[in-house]
1. Quickly run through the range 538-568 and pick out the residues that are part of a loop (DSSP other than H, G, I, E, B), farther than 30 Å from residue 525 by Cα and of a type in the set (Phe, Trp, Tyr).
2. (1) hydrophobic (A, V, I, L, M, F, W, C); (2) closer than 19 Å to residue 647 by Cβ; (3) touching a Lys or Arg at 6+ places or on another chain (Cβ under 8 Å); (4) in a loop (DSSP other than H, G, I, E, B): which one isn't true of residue 823, the others all being true?
3. Quick one: how many residues across the range 673-689 are free of Cβ contacts under 8 Å to residues at least 60 places away in the same chain, β-branched (Val, Ile, Thr) and out of contact with any Phe, Trp or Tyr (no Cβ under 7 Å at 6 or more places or on another chain)?
4. Can you tell me which residues in the range 158-174 are without any contact (Cβ under 8 Å) to a residue 60 or more places away in the chain and either more than 13 Å from residue 367 (Cα to Cα) or touching a helix residue (DSSP H, G or I) at 6+ places or on another chain (Cβ under 6 Å) (or both)?
5. Please note which strands (runs of 3 or more DSSP E) are completely contained in the range 31-107 and include at least 1 residues that are surrounded by 18 or more Cβ atoms within 10 Å (Cβ to Cβ) and free of Cβ contacts under 8 Å to residues at least 60 places away in the same chain.
6. Name the residue, out of 69, 62, that is modelled with pLDDT of 95 or more, under 30 Å from residue 561 (Cβ atoms) and either of a type outside the set (Ser, Thr, Tyr) or in contact with a Phe, Trp or Tyr (Cβ under 9 Å, 6 or more places away or on another chain) (or both).
7. Does any residue in the range 536-547 that is farther than 14 Å from residue 596 by Cβ and not assigned by TED's automatic domain parsing to the domain that holds residue 480 come within less than 9 Å, Cβ to Cβ, of a residue that is among the aromatic types (Phe, Trp, Tyr) and modelled with pLDDT under 95 six or more places away or on a different chain, and which pairs are these?
8. Identify, from the list 57, 15, the residue that is assigned by TED's automatic domain parsing to the domain that holds residue 180 and at pLDDT 95 or above.
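The values are calculated or read from the model by the stated rules, or taken from the named source; none is laboratory data. The structure displayed is predicted, hence computed values, not measured ones. Virtual Cβ from ideal backbone geometry, glycine too; neighbours counted across all protein chains shown.
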Amino acid sequence: MELKSLWRIQHFEVGQVRPQELSFPGLDDRFWITAKVPGDVHSALIERNIIENPYFGHNDAKSRWIEQKEWWYRTSFDYVIEEGSEEKHELIFEGLDTFATVYLNGLEIGNTDNALMAHTFDVTKVIRHGWNSIAVKFDPLYLHNKNKEQFQWSSYTKERPWLRKAAMNFGWDWGPRMVTVGIWGKVRVERYSAAKLDSVYARTLQANADTALVRTEVDVTSYRKGLVKECIVRLLDREGQPVAEAKLPISGKKAAADLQVTAPQLWWTHDLGEPYLYELEVALLADGKQVDSYRKPFGIRTIELQLKDAEGQNAFAFILNGVKLFAKGSNWIPADNFIGAITDERYRDLIDLSIESNMNMLRIWAGGIYETDVFYDECDRRGVLVWQDFAFANALFPDFNKNFMDNVRKEVVYNVKRLRNHASLALWCGNNEIDWLYDMKSSEGSITTPFYGESIYHELIPEVLEELDDSRPYWPSSPFGGNDANDPDVGDRHNWQVWHGSVYPRKFGDKPILDYSIQGVTFKNYKNDFTLFSSEFGMHASANRYTLEKNIPDGQFYWGSVEMAYRNKDTNHQKGILLMEGFTGIPKDIEEYMNFSMLTQAEGLKYGIEHYRRNKKRTSGSLVWQHNDSWPGTSWSLIDYELLPKASFYYAKKFYHPLLLTIDHEPEQPLHVWVVNDRVETYDGQVRLTVYDFAGVPLYSRLFDALVPSNGSVQLGSLPEADILNGRSPEEVVIKLTAEGFDAPDNVYYLRDPKDLRLPAASLKVEAKESEQTVTITAEGSHARLVKIDLPQGNIRFSDNFFDLLPGETVTVRIRDPKGLPVSFAGLKVSALNVK
């Protein structure tokens with residue numbers, strides 16, 4: 001029974017009112033503020049117009065008072081208890097943020113100190129038939145950490161290492177400080193008679209085209225002695241027909257059954273096949289009567305992390321059902337700073353966008369939360385693998401403190417049990433960047449203490465996983481491996497030479513060096529990176545116009561304004577200028593800033609990812625930092641806060657497509673033409689390279705035979721730069737690759753950077769048909785660079801955007817609302833870099 005009754009909230013000064021008064025069932029709370037659960041205090045106050053939207057302008061500073069107060073939640077509900085029943089009753093909170101004391105019918109039933117897990121209270125002796133009252137008191141955080149030790153390192157704030165809540169609440173380099181409080185998960189009451197299923201653990205032991213073996217383990221709690229217990233375990237196909245079944249007698253607390261499935265439908269990522277889901281059903285019987293049940297989707301698949309290849313060389317590759325995967329994806333941060341207010345639709349929209357851009361993996365970053373059920377359910381359903389960090393990011397943590405470690409163990413156990421049955425879950429990872437940064441900070445002298453927290457990632461978590469989930473790999477940190485945790489020759493790597501200017505190579509003990517110069521931060525450095533797996537890399541781009549204009553005060557929407565600078569939480573804003581200066585040139589106004597930053601990000605990611613994919617024999621994955629935004633800012637994201645994709649998202653449709661046509665080229669060097677294939681099928685066709693001038697005149701054409709191997713990359717040939725120019729300057733041409741005989745998207749290249757191109761002015765013919773929800777665009781006079789469609793509304797989808805057009809070339813773009821509603825074309829604008 002989920003409690004969907006009306007909740008009310010109110011704040012007090014600490015100690016202002018005795019808890020017994022505010023928890024009293026008969027308290028008159030009519031004048032308290034109504035609030036949604038799941039939710040949080042900020043969202044409730046915004047909805048009731050008590051505080052101004054913290055995402056607008058500098059309004060976040062106006063809501064800081066919230067984190068200093070004591071907050072109370074109250075509700076009531078009716079409940080039926082049959083007379084004489086011997087049932088057990090549990091009150092469950094899926095998310096309490098963070099230090100909460102819970103009262104039922106005026107009685108204190110327990111308190112909590114961890115926002116990253118659910119909390120269950122046995123209320124059998126407290127709950128009553130009829131009307132019941134719940135009150136929850138939330139302490140301000142400072143009461144629980146003001147006397148705690150502060151460590152030499154905790155990024156962005158020293159207060160968070162003792163607090164088990166989302167680290168990004170305290171601010172990060174892409175978002176503001178917004179310390180939330182409240183009931184952020186669902187609340188429900190469960191009742192049991194005789195016995196219950198504590199947990200069900202199902203995993204694929206082996207699988208191929210002929211047969212699969214699925215082991216199911218159950219953990220049972222009995223409330224009476226002498227019960228005869230058994231479980232009936234069934235695996236059902238999509239039509240609801242059983243494909244395997246077992247009866248499992250239970251003599252103690254645990255039992256296991258192996259289900260053999262003939263001709264199984266395997267679960268694949270969406271780019272390799274169908275993410276087929278069975279239904280796993282477990283019924284618990286006590287003395288012949290069903291007393292509990294479990295029913296969830298289940299995918300049959302095997303997942304391994306390959307650390308040595310067939311030749312015995314170091315590797316870092318995911319093997320799905322025996323197929324080596326090139327992981328194409330991004331890093332996921334919480335979809336909003338107000339975590340409890342994130343809707344299921346927002347989760348689905350962001351995962352839809354990952355599919356649309358051909359991603360097959362999302363990494364849940366350690367500074368957020370263990371995501372809500374809808375996230376993993378959607379990844380299961382849509383065929384997206386999940387790299388799951390444990391929630392430890394960029395800090396030292398007090399592993400010397402028993403209470404803290406007991407708290408962490410409960411958190412780890414809870415989340416492992418909750419998530420381990422998901423087919424999408426591919427990897428557990430101990431932390432984000434802590435092992436790597438501890439060595440760097442120790443080497444520069446800013447840390448002189450032991451590695452506090454080390455035993456969490458290298459002892460506690462592996463111990464829990466050995467007991468509770470041996471079905472998928474564990475990786476202690478990201479990045480990790482080698483001589484320097486960011487070693488390209490061992491494990492995974494975060495490439496922050498690009499953007500942050502980190503100087504590589506580096507070894508353990510070396511003092512870190514930063515190079516803030518055009519050459520130090522340029523994305524051209526990606527081609528020096530022969531990592532085994534690039535799990536973090538990226539660069540900033542502006543949010544879309546609508547997102548910025550909606551959240552910036554009047555008169556401040558211009559390049560260089562204080563409010564625009566406030567959107568960027570990175571430490572040194574000069575890095576983004578240097579990147580643009582070396583590639584597009586420095587923008588002169590806000591329009592150029594939006595275009596130049598987006599073009600730099602899009603072309604930079606294309607440059608790096610195509611390099612990684614050409615080298616797929618060695619490199620097995622690229623996860624862009626970052627997928628989404630938690631507020632309307634300037635960041636590394638591909639999709640801005642209003643769910644409007646940036647230019648890089650549309651580029652990703654090509655550079656992450658399973659079949660990639662790509663050119664490896666540097667100025668005055670030969671052009672090397674490649675095809676990359678991430679599918680298991682082999683393709684036989686041709687690839688045409690055509691060179692045009694900006695007036696659309698073909699200058700050169702070459703057809704390459706292309707036998708594209710299964711899951712491989714192949715160089716088709718090389719061409720000297722001078723041979724393809726037909727007497728023209730390299731600043732005056734554009735190159736297009738097209739596939740014949742197999743379905744790979746076209747790809748476009750320039751021989752020089754945008755700032756050096758001699759692009760004549762172009763014009764665009766635009767035909768907008770709102771009745772058909774299409775915009776048809778034709779370039780006239782000259783090649784059109786970065787054609788952009790703007791509509792002043794959020795969360796709408798374009799079939800394409802931020803594309804290039806040859807003279808006379810026409811593209812029809814379909815526009816839709818993900819909810820299926822008609823999209824208004826009011827305020828529609830179409831532009832391009834060289835269209836005035």
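1. Within the range 538-568, 557, 558 meet the criteria.
2. So residue 823 meets the others, but not (2).
3. Residues that pass the stated criteria total 1.
4. Residues satisfying the conditions are 158, 159.
5. 99-104
6. Every option except 62 fails the conditions.
7. Within 9 Å, no pair qualifies.
8. 57
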